[in-house]
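Participant: Structure provided below as structure tokens; questions to follow.
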Protein chains: 2
Amino acid sequence: MFFTCEKNILQEAINIVQKAASSKTTYPILEGILIKAIDNKVYFTATDLDIGIETFIDANVIKPGSIVLNSKLFGEFIRMLPNDIVSLELLDNNFVKITCQKSEFMILGNNPEEFPKLPAINENSLYEISQDILRLMIKQTIFAIAQDETRPILTGVLFEVKDNVLSFVALDGYRLSLKKVELENASNINAVIPGKTLNEISKIIEPSEDKVRITFTPNHILFNLGNTKVISRLLDGEFVNYRQIIPQEHKLKVKVNRNLLLDSIERASLLAREGKTNLIKFNIGNDKMIITSDSQYGKVQEEVTAMLEGDSLKIAFNSKYFLDVLRIIDSEEIYLEFTTNVSPCVVRKVDSDDYIYLVLPVRLIEN
Amino acid sequence: MFFTCEKNILQEAINIVQKAASSKTTYPILEGILIKAIDNKVYFTATDLDIGIETFIDANVIKPGSIVLNSKLFGEFIRMLPNDIVSLELLDNNFVKITCQKSEFMILGNNPEEFPKLPAINENSLYEISQDILRLMIKQTIFAIAQDETRPILTGVLFEVKDNVLSFVALDGYRLSLKKVELENASNINAVIPGKTLNEISKIIEPSEDKVRITFTPNHILFNLGNTKVISRLLDGEFVNYRQIIPQEHKLKVKVNRNLLLDSIERASLLAREGKTNLIKFNIGNDKMIITSDSQYGKVQEEVTAMLEGDSLKIAFNSKYFLDVLRIIDSEEIYLEFTTNVSPCVVRKVDSDDYIYLVLPVRLIEN
């Protein structure tokens, strides 16, 4: 193997695949990047067996061949090189010589035969979605996945297509986040994508209207971004029937400015945090929300103007669940819908119906 | 106590004094800020008994008085308020009510009588130095202080005035950093300022030509920045006689581009770091420096063009000590002066003589 290419292009390819390389593993070849030079293209692959990323660049391939290089060392060395032509040459005994200007790096590689193969996926049945919409769908749902592994299926996000609507759903037992988008001529499907995979995908995709092409097999999902492919395991098991959880009616609807509510809950949660319970109380009535919190250190009272339809209500929440959603919603005003002080609050955007968030209240003895 | 002032002004005062407040202590009052309102000024003081900071702001004082508030809670709440007038009112039982727009925060304070007094310092004998020069002197020396406490005196920076020259000196047994500046009509002095104090000072001072006025007592130093005063303990004991350590002659002088050398050592140190020894070797001769490093993972060779006066030399160093100094020096070219491969290397700026850095080589068996 012997090829030359521009440092910047090489570095970008490494940055992309590096996200899938293991950092600490008992199987050291998984800390590596498989490099394969052929036909004036160089392919880079990394995998931790859960997720695999492959990308390619155009390069001047003088001699085809392949090798596995330690992702961290190789990546850091390339990153620190000046912006110029870099050459990679495979010598004897798996040694690779990397040169650029007056820098020369000799690094011991691994046998490419030992590198695990990514599953082959037939890209027949496809879903197409633009990169920026996929990014938004991930951002607006992924924060609500379960952080602990007691129910592994809840550490993923449901990818559901039904009647030409694609829904992303995440829930952790205390709150639920649902984002919808219309797709044309899409066949129905139900699959749960690991949260980690979606995190890595959202780092790779660009804020552009370029399409991502998505294919499923029974156990895997493939995201095809053109030069880059990401393959991930799907999570096993049945997702929660989330439709049953979303209330169809409410007794109180509140329209409120998102930023003012966010700032007020942040200040109130300062004490809630010190008290380690994150408990804040809403007292909603007379076209305002009074938000209070107290701990041994003091007490806060915040007042936010709101437009009310329905009965007044006193209800308590874990402030974290409200802060999480208020930080990622992008509309200026939101609706909060309540029924009783023990049933979930529904948060919606005022200007569209494609996003719903649900949060369970905290039961208080005095209520 | 009852006063009102602008949120931004209040926040800045808190930011300044907060640096001296203890975060975890068995003496909770040290986690607080003493607030004292009098004559349309409000004074803020915090101390961890090693360092004390006091500042004041102009405010509308309706009722004079004083209280101690928890620095973290008070600071965070003020930071999160909108930019508007804030009022602080001391109620019964040490409760303080803070209000701003529709936010109201009740916080339990502590008795101001229990707050330790900062030492009173008579500002007769003064050194004056501009804030930006003091900042540079700290930056160019403090990185060389000892990190461990086995010789406490080396965790500080020597402040020495001799023959109208102010020197800052730091050394940790492996390297030494010396920065000089001329002062007019300055009396001689020798004192060792704790590194922590200088770190906090350099966060408070501005990149401006405004003067800092510095006063010493046998045990304390006072930095007077106008509205803000910082008082710190000095370190006990005799500093190392650093003049004896600085070589007066050399056999090899190398002129080299700082950035190119920095980049090359960074790449070489990548492997040196993996090998956990940080060991890099210089082979200097024929108007170039060859920098090499190797570990079980591979080997790097870097070449940097240099102008030589004197004998060629092979010598080895801990790469960290070169990276530290190359990152903080601001000149385009530097001189390296060597004598033998077991005697210290002197690093100087080409364009001025006010800065000297010394680093001990690593003895190699093969040398």
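Participant: For segment A:200-231 and segment B:82-135, what is the centre-to-centre distance using only Cα atoms, to the nearest Å?
Facilitator: Taking the Cα centre of segment B:82-135 as reference, the centre of segment A:200-231 is 54 Å away.
Participant: Measure out, as a whole number of angstrom, how far apart the alpha-carbon centroids of segment A:1-64 and segment B:336-354 sit.
Facilitator: Cα centroid to Cα centroid, the span is 42 Å.
Participant: I've got another one for you. Which value, in debye to the nearest 20, describes the size of the charge dipole of the protein assembly as shown about its Cα centre when Lys and Arg Cβ atoms bear +1, Asp and Glu Cβ atoms bear -1, and nothing else is charged?
Facilitator: On the way: 82 positive and 100 negative charges, 211 e Å.
In debye, rounded to 20, the protein assembly as shown gives about 1020.
Participant: For A:Ile153, go 7 angstrom from Cα along the Cα-to-Cβ vector, then report the distances to that same point in the other copies in nm, smallest first.
Facilitator: Result, one decimal in nm: 7.0.
Participant: Sticking with this one: Whole-Hz Karplus ³J(HN,Hα) for segment A:95-105, in order, using 6.51 cos²θ - 1.76 cosθ + 1.60 and θ = phi - 60°, x for Gly and Pro?
Facilitator: The phi angles translate into 7, 10, 9, 10, 10, 7, 6, 9, 9, 9, 10 Hz.
Participant: Right, next: Pull out a ≥ b ≥ c, the square roots of the eigenvalues of the alpha-carbon gyration tensor of segment B:256-367, then state rounded if a/c is under 1.5, prolate if not and a/b is larger than b/c, and oblate in the remaining case. Don't skip to the end; give the middle numbers.
Facilitator: Details: a/c = 1.58, a/b = 1.37, b/c = 1.15.
Cα axes put segment B:256-367 in the prolate bin.
Participant: A further question follows. From the residues A:Leu108, A:Val68, A:Ile33, which one has its Cα farthest along the dipole of segment A:2-114 in the positive direction, the dipole being from +1 and -1 charges on Cβ of Lys/Arg and Asp/Glu about the Cα centre?
Facilitator: The one lying farthest along the dipole's positive direction is A:Leu108.
Participant: So how exposed is A:Glu128, as accessible area in Å² (1.4 Å probe, rounded to 10)?
Facilitator: 90
Participant: Shifting gears a bit: Considering only protein heavy atoms, with the full assembly of protein chains and a 1.4 angstrom probe, order B:Tyr27, A:Tyr335, B:Tyr355 by accessible area, largest first.
Facilitator: On the way: B:Tyr27 105, A:Tyr335 50, B:Tyr355 0 Å².
Sorted by accessible area, descending: B:Tyr27, A:Tyr335, B:Tyr355.
Participant: Follow-up question, since we're still on this one. By the gyration tensor of its Cα atoms, with a ≥ b ≥ c the square roots of the eigenvalues, what is the shape of segment A:2-114: rounded for a/c under 1.5, prolate for a/b over b/c, or oblate? Intermediate results must be reported in sequence, preceding the final value.
Facilitator: On the way: a/c = 1.44, a/b = 1.40, b/c = 1.03.
It is rounded, given that a/c, with a ≥ b ≥ c, falls under 1.5.
Participant: Mind listing the label-point distances from B:Asp39 to the same position on all other copies, shortest first, one decimal in nm, points 7 Å along Cα→Cβ?
Facilitator: 8.6
Participant: Another question, if that's okay. Compute the longest continuous run of chain A that contains no exposed trypsin sites (Lys or Arg not before Pro); treat a site as exposed when its DSSP state is not H, G, I, E or B and it has at most 11 other Cβ atoms within 10 Å. Provide the component values of the computation, followed by the final result.
Facilitator: On the way: sites that count: A:Lys24, A:Lys117, A:Lys276, A:Arg363.
Result, exposed sites excluded: A:118-275.
Participant: Turning to a different aspect of this structure: Work out from phi, with θ = phi - 60° and the Karplus expression 6.51 cos²θ - 1.76 cosθ + 1.60, the ³J(HN,Hα) of each residue of segment A:345-358, listed in order in whole Hz, and give x for Gly and Pro.
Facilitator: 8, 9, 10, 10, 6, 6, 8, 7, 10, 8, 9, 9, 10, 10
Participant: Less than 17 Å apart at the alpha-carbon level, and either on another chain or at least 8 residues along: which aspartates and glutamates does that give for B:Lys314?
Facilitator: B:Asp287, B:Asp294, B:Glu302, B:Glu303, B:Glu337, B:Glu366
Participant: Could you work out the Rg to Rh ratio of segment A:155-309, with Rh taken as the Kirkwood radius (inverse of the mean 1/r over all Cα pairs)?
Facilitator: Ratio of gyration radius to Kirkwood radius: 1.08.
Participant: Search the structure for amide H atoms under 5 Å from the amide H of A:Leu183, placed 1.01 Å from N in the peptide plane, and list their residues when 5 or more places away or on another chain.
Facilitator: A:Val165, A:Leu166
Participant: Between A:Met137, A:Met80, A:Met307, find the one with the highest GNM mean-square fluctuation for chain A; connect C-alpha pairs within less than 10 Å.
Facilitator: Taking springs between Cα atoms under 10 Å, the residue moving most is A:Met80.
Participant: Calculate, in whole percent, how much of the Cα-Cα pair population of segment A:169-250 lies beyond 16 Å.
Facilitator: Values: 2101 of 3321 pairs.
Within segment A:169-250, distances greater than 16 Å cover 63 percent of Cα pairs.
Participant: Can you bin chain B into rounded, prolate or oblate? Criterion: square roots of the alpha carbon gyration tensor eigenvalues sorted a ≥ b ≥ c, rounded for a/c under 1.5, prolate for a/b above b/c, oblate for the rest.
Facilitator: Details: a/c = 2.75, a/b = 2.14, b/c = 1.28.
Verdict is prolate for chain B.
Participant: Provide the solvent-accessible area of A:Asp148, counting protein heavy atoms only and rolling a 1.4 Å probe, rounded to the nearest 10 Å².
Facilitator: 90
Participant: Can you tell me, using C-alpha contacts under 8 Å and at least 6 residues apart, the relative contact order of chain B as a whole percent? Walk me through the numbers before you get to the answer.
Facilitator: Numbers: 837 pairs, mean separation 44.5, N = 367.
It rounds to 12 percent for chain B.
Participant: Which residues' amide hydrogens lie under 5 Å from the amide hydrogen of B:Gly156, considering only partners 5 or more residues apart or on another chain, with H built in the peptide plane?
Facilitator: Here B:Ala146, B:Gly195 satisfy the definition.
Participant: Which distances, in nm and shortest first, link the A:Lys255 label point to the same label point in every other copy, taking 7 Å along Cα→Cβ?
Facilitator: Counterpart label points of A:Lys255 in the remaining copies fall at 7.4 nm.
Participant: Given the pairs A:Lys117/A:Lys162; A:Lys349/B:Lys7; B:Lys179/B:Lys211; A:Lys19/A:Lys179; B:Lys19/B:Lys102, which span a C-alpha to C-alpha distance of over 23 angstrom in this model?
Facilitator: On the way: A:Lys117/A:Lys162 33 Å; A:Lys349/B:Lys7 32 Å; B:Lys179/B:Lys211 19 Å; A:Lys19/A:Lys179 26 Å; B:Lys19/B:Lys102 29 Å.
Too far apart for the 23 Å limit: A:Lys117/A:Lys162; A:Lys349/B:Lys7; A:Lys19/A:Lys179; B:Lys19/B:Lys102.
Participant: While we're looking at this one, here's another question. Tell me, what ³J(HN,Hα) does each residue in segment B:212-217 have, in order and in whole Hz, if you take phi through Karplus 6.51 cos²θ - 1.76 cosθ + 1.60 with θ = phi - 60° and put x for Gly and Pro?
Facilitator: Computed from phi, the couplings for segment B:212-217 are 9, 9, 10, 10, 10, 10 Hz.
Participant: A further question on this structure: Among A:Ile142, A:Leu166, A:Thr197, flag the residue with its Cα farthest along the positive direction of the charge dipole of segment A:136-262, charges on Cβ as +1 for Lys/Arg and -1 for Asp/Glu.
Facilitator: A:Ile142
Participant: Between the helical axis of A:131-142 and the dominant principal axis of chain A, each derived from Cα atoms, what acute angle in degrees is found, rounded to the nearest 10?
Facilitator: Long axis of A:131-142 versus the principal axis of chain A: about 50 degrees.
The values are calculated or read from the model by the stated rules, or taken from the named source; none is laboratory data. Here the structure is a predicted model, which is why all the values come from computation and not from measurement. We place every Cβ from the backbone using ideal geometry, glycine too, and count neighbours over all the protein chains shown. With ligands, DNA and RNA removed, areas are computed over all heavy atoms of the protein, side chains included. Shrake-Rupley method; radii C 1.70, N 1.55, O 1.52, S 1.80 Å.
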